[in-house]
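Structure, as structure tokens:
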């Protein structure tokens with residue numbers, strides 16, 4: 001029972017709710033610029049994550065082609081935006097370390113695996129995945145309702161029908177509207193929730209509540225952020241999803257920067273960041289080295305007197 005409470009409310013469920021600032025549209029562009037700078041400064045793990053997204057996107061297209069489900073290509077690709085905040089947990093940790101002036105490498109992206117909030121993070125990831133699956137089911141239902149039992153037989157006929165017939169235009173309009181609703185729901189639930197859980201180790205309900213309060217208090221900025229994410233992903237997906245290798249890391253880091261602008265800092269509820277020891281950290285300190293040298297001199301002097 002206690003572990004269930006920890007998942008939903010965090011280890012300290014009686015702590016005060018995070019203080020949410022009202023953000024403006026300028027904060028979205030500033031966060032995007034800072035995220036791009038983070039991606040340039042820490043390219044190793046982001047490049048790996050982006051490559052995963054690019055390969056997964058190509059695999060989705062290939063798989064859908066083989067199983068005669070081309071109508072699901074776009075919904076599946078759009079699903080990256082729904083589950084992306086969960087997959088980018090490692091990027092948040094890297095941006096967090098960089099803003100604190102600590103060394104950051106791809107190994108630090110796995111620090112979330114040691115976080116006390118990991119069960120809450122996983123629970124939120126499952127929630128987004130459930131939304132993603134509901135979106136896929138809704139997209140298939142819309143397609144069946146519009147095209148009936150005789151859909152286009154191959155890829156060329158399908159794409160020609162989508163862009164040149166009333167059925168295709170209706171599919172785009174209805175499918176786009178339904179997809180917008182799912183994307184808006186996922187955005188409001190997760191715009192800052194994952195960074196909040198990572199930094200303050202809060203539970204699922206306080207983190208989601210903070211995201212919803214931000215969406216309520218700053219609707220224009222949150223809507224703009226969602227539009228930026230959607231436009232960036234669409235543009236990056238055009239050349240066979242290759243652009244996602246740059247877009248996904250940038251958006252991941254930018255999400256942390258937006259969180260930092262949206263939530264007031266409270267040092268008393270922010271656990272210290274684990275600092276990685278470097279080679280220079282393992283060297284004896286100058287004061288200690290001097291003590292060792294003097295002790296050696298005293299031993300040598302004592303030995304010479306005995307002789």
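The values are calculated or read from the model by the stated rules, or taken from the named source; none is laboratory data. None of the values given here were measured: they were computed from a predicted structure. Note: ideal-geometry Cβ built from the backbone for every residue, glycine included; neighbour counts use all protein chains shown.
Numbers for the structure displayed
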| read-out | value |
| --- | --- |
| Helices (runs of 4 or more DSSP H) wholly inside the range 150-239 that include at least 3 residues being at positive phi and at pLDDT 90 or above | none |
| Verdict on residue 111 being in contact (Cβ under 8 Å) with a residue 40 or more places away in the chain and in a loop (DSSP other than H, G, I, E, B) | no |
| Within the range 74-104, considering residues that are buried (at least 21 other Cβ atoms within 10 Å of the Cβ) and outside any helix (DSSP H, G or I), the one modelled with the highest pLDDT | 88 |
| Qualifying residues in the range 105-120 (those that are at pLDDT below 85 and crowded, with 22+ Cβ neighbours inside 10 Å) - the one farthest from residue 193 (Cα to Cα) | 109 |
| Out of 47, 31, 26, 39, sole residue that is at pLDDT 80 or above, in a helix (DSSP H, G or I) and surrounded by fewer than 21 Cβ atoms within 10 Å (Cβ to Cβ) | 26 |
| Filter pass, residue 62 being in contact with a helix residue (DSSP H, G or I) (Cβ under 9 Å, 6 or more places away or on another chain) and either at pLDDT below 70 or more than 15 Å from residue 138 (Cα to Cα) (or both) | no |
| Verdict on residue 144 being surrounded by fewer than 21 Cβ atoms within 10 Å (Cβ to Cβ) and touching a helix residue (DSSP H, G or I) at 6+ places or on another chain (Cβ under 8 Å) | no |
| Residue satisfying condition, being crowded, with 20+ Cβ neighbours inside 10 Å, touching a helix residue (DSSP H, G or I) at 6+ places or on another chain (Cβ under 8 Å), under 21 Å from residue 179 (Cβ atoms) and modelled with pLDDT of 80 or more, within set 251, 244, 258 | 251 |
| Filter result for the condition that a residue is under 17 Å from residue 226 (Cα atoms) and without any contact (Cβ under 8 Å) to a residue 12 or more places away in the chain, over 177, 190, 166 | 177 |
